[in-house]
Amino acid sequence: MSVEQNILITLLKLTRNGPTTDSLVGGVARIPSQTATDYLEDFLEKSLIRRNGKVIEVTCEQRLMIAVQAIKLGADFERVCKALKWKEFESITETAFRAFSYYVVKNFRFKTKKGKRWEIDVLAFKEPIIASVDCKHWKSSWTGGTIRAVVEAHVERTRSFFNALPDLRLGEKVITWRCTTAIPIIISLLPGLNKFYLNVPVVSVLQLQDFINEFPIHINSLAHFSQKVTERQKKITKY
């Protein structure tokens, strides 16, 4: 593992629960303190970290940028992902949708009339769209078949949510909408080999804002569930 990879992964580990310092980074990475400082100054110029005197601060988004940079340099994918918190994906996703004036609910649990329980990582509402988001730690060894299974499971999760929507407390937030369209989306650290599986978008969390800005005009080409107020029968299209 190169020195830069080592420092990047060390930063991820040390900033999981708050700020760190140059000396601590150098000590944990087992490199000379001046070497650590030189690399950290380079990271500062690249906006991977922030400084407050001798204290190094890293935002949630910067942690994801650090993780991506480490992987680009050849760091072990699984090792990098283990240094990230699961909830960081959800927090970045929430922030991205809120920036575009979506109302966001995280970790929404619901039960169907048949009694089956489901949970959706992030739901984002903005008339007429409901984005149903599944946040995943992609494994580099996942095959196309495995990714397909993940996508199919999330489509079914979204289908169940959409069918149950009139009976859910959240239904009050969309009951006045003239049309409701629910779209399953997968969020990962890095983009998959394909940007779409079964017409379901698989989006890198660092590209999420660009995706949110553009995807409403492409709804008809994505897997989605749609219902007009005057219609009672729900349907899925493009899947």
Take the conditions buried (at least 21 other Cβ atoms within 10 Å of the Cβ) and out of contact with any strand residue (DSSP E or B) (no Cβ under 7 Å at 6 or more places or on another chain) and apply them to Ile66. Does it pass? yes
Just one of (1) loosely packed, with under 14 Cβ neighbours inside 10 Å; (2) over 14 Å from Ser188 (Cα atoms) trips up Glu78, so point out which. (2)
Answer yes or no: is there a residue in the stretch 59-79 that is among the acidic types (Asp, Glu), in the same structural domain as Leu24 (by TED's automatic domain parsing) and in contact with a Pro (Cβ under 8 Å, 6 or more places away or on another chain). no
Of the listed residues (Glu94, Glu119), the one being closer than 24 Å to Arg159 by Cα and surrounded by 19 or more Cβ atoms within 10 Å (Cβ to Cβ) is Glu94
Taking Ser33 as the residue in question, decide whether it is in the same structural domain as Ala124 (by TED's automatic domain parsing) and in contact with a helix residue (DSSP H, G or I) (Cβ under 6 Å, 6 or more places away or on another chain). no
Considering every residue within the stretch 92-100, establish whether at least one is over 22 Å from Ile183 (Cβ atoms) and among the acidic types (Asp, Glu). no
Show the residue pairs meeting these rules: Cβ distance below 7 Å; 6+ apart or different chains; first residue within the stretch 57-84 and assigned to a helix (DSSP H, G or I); second residue of a type in the set (D, E, K, R). Cys60/Glu88; Arg63/Glu88; Leu64/Glu88; Glu78/Lys139
Would you be able to say whether some residue in the stretch 188-206 is within 20 Å of Ile120 (Cα to Cα), assigned to a helix (DSSP H, G or I) and modelled with pLDDT under 90? yes
Considering only residues that are among the small types (Gly, Ala, Ser) and farther than 15 Å from Arg63 by Cα, which ones fall in the stretch 1-40? Ser2, Ser23, Gly26, Gly27, Ala29, Ser33, Ala36
What number of residues within the stretch 36-63 satisfy the criterion of being surrounded by 13 or more Cβ atoms within 10 Å (Cβ to Cβ) and in contact with a helix residue (DSSP H, G or I) (Cβ under 7 Å, 6 or more places away or on another chain)? 12
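The values are calculated or read from the model by the stated rules, or taken from the named source; none is laboratory data. Nothing here was measured: the structure is a model prediction, and the numbers come from that model. Every residue, glycine among them, receives a Cβ derived from its backbone with ideal geometry; neighbour counts consider all protein chains shown.
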